[in-house]
Structure formats: C-alpha cells, structure tokens
Amino acid sequence: MISRFRYKHGHKAAQFFLSRNNVLRAFGFSSYHDYLKSPLWHGIRKRVLDKNRSCCKCGNVAFLVFHGRYDEQTIQGHDTTHLYPVCGKCMGQIDKAIANNRLSHDEIVYNLKHGHPPPS
Ligand SMILES: [Zn+2]
C-alpha cells in the first residue's frame with residue numbers, strides 16, 4: 001500500500017499516509033476506501049460542495065473533494081477548511097501527479113490554494 005506512494009520525499013510521504021490511516025482507524029475505518037464509502041464522508045462531501053460547487057483549480061463544476069489534511073477535525077467534518085472542491089479532470093491530474101512522483105501532497109495543496117505550484 002505505502003510503496004505505491006513513492007514521492008520525491010519517500011519517507012515523508014510514507015509517514016503522511018501512515019498517520020492518515022492511523023487517524024481513520026481510530027474512528028473505526030479499516031481503510032481510506034472504507035472511509036470514502038461511509039455516510040460520514042458522504043455528508044461532509046455534500047456540505048463542502050453545497051457551499052462551493054466550483055473546482056478550485058479550473059473553475060469548472062466540482063463534484064469531488066480533495067483532502068488537504070487528514071487530521072481528526074477534518075476526518076470528522078468539524079473543520080472543512082482543508083477540503084477542496086475539484087472537478088473530475090483536475091482530480092485525475094492530481095492523481096497522476098501523485099502516481100508519477102511529480103508533486104508531493106503539500107505541493108498539491110499549495111497549487112490548489114494559489115493556482116500554481118510552489119516556487120522551487
Ligand atoms: Zn478542475
């Protein structure tokens with residue numbers, strides 16, 4: 001599972017997903033997939049999209065939500081500041097950037113907030 005996410009900063013990325021999975025497990029979810037299927041997440045996602053329907057990357061209609069953080073407040077939906085509405089096309093690009101080791105999670109969040117990747 002973790003070996004799928006070989007970022008530039010491999011160790012940091014592994015830690016990131018380990019801590020995400022630990023938070024999810026603490027709330028009774030066996031995996032991230034399990035969480036995404038839950039009524040809890042469906043409710044949070046709906047709230048985020050009801051508030052803002054436009055993709056924060058390209059402005060098209062958003063129907064997906066990207067997790068900027070996986071802390072307890074975000075996972076439980078008490079804090080939705082770090083959840084970003086995105087369209088399917090941009091989510092595809094984000095997934096590809098992660099899979100191809102091009103951008104770290106932090107760099108993707110920066111990109112979503114500012115509309116461009118962080119200066120290197
Ligand atoms: Zn988009």
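The values are calculated or read from the model by the stated rules, or taken from the named source; none is laboratory data. Since the model is a prediction, treat every value here as computed from it, not as a measurement. When we count neighbours, we look across all protein chains shown, and the Cβ atoms used for this are built from the backbone with ideal geometry, even at glycine. Remember, those area values only see protein heavy atoms, side chains included, never the ligands or the DNA or RNA. Shrake-Rupley method; radii C 1.70, N 1.55, O 1.52, S 1.80 Å.
Computed over protein heavy atoms with a 1.4 angstrom probe, the accessible surface ordering of 74, 81, largest first, is 81, 74. The residues packed around residue 35, meaning those with a beta-carbon under 13 Å from its beta-carbon, carry a net charge of +2 if Lys and Arg are +1 and Asp and Glu are -1. Taking the protein heavy atoms of region 34-93 in the context of the full set of protein chains, the accessible area attributed to carbon and sulfur is 53 percent at 1.4 Å.
Remark: spin-label model distance residue 101-residue 31 equals 2.4 nm, labels positioned 7 Å along the Cα→Cβ axis. The residues packed around residue 113, meaning those with a beta-carbon under 14 Å from its beta-carbon, carry a net charge of 0 if Lys and Arg are +1 and Asp and Glu are -1. Once backbone amide H atoms are built at 1.01 Å from N, residue 79 has 74 as its partners under 5 Å, excluding neighbours fewer than 5 places away on the same chain.
Magnitude of the charge dipole for the chain, about its Cα centre and with charges confined to Cβ atoms of Lys, Arg (+1) and Asp, Glu (-1), is about 300 debye.
Between residue 116 and residue 76, the FRET efficiency from the beta-carbon distance, with R0 = 30 Å, is close to 0.45. Residues of region 73-97 falling in the label zone of residue 47, defined by backbone nitrogen less than 16 Å from a point 7 Å along Cα to beta-carbon, are 73-85.
Rounded to two decimals, the Cα-based Rg/Rh of the chain, with Kirkwood Rh, is 0.95. For residue 65, nonlocal amide neighbours, meaning residues 5 or more places apart or on other chains whose placed amide H falls under 5 Å from its own, are 86.
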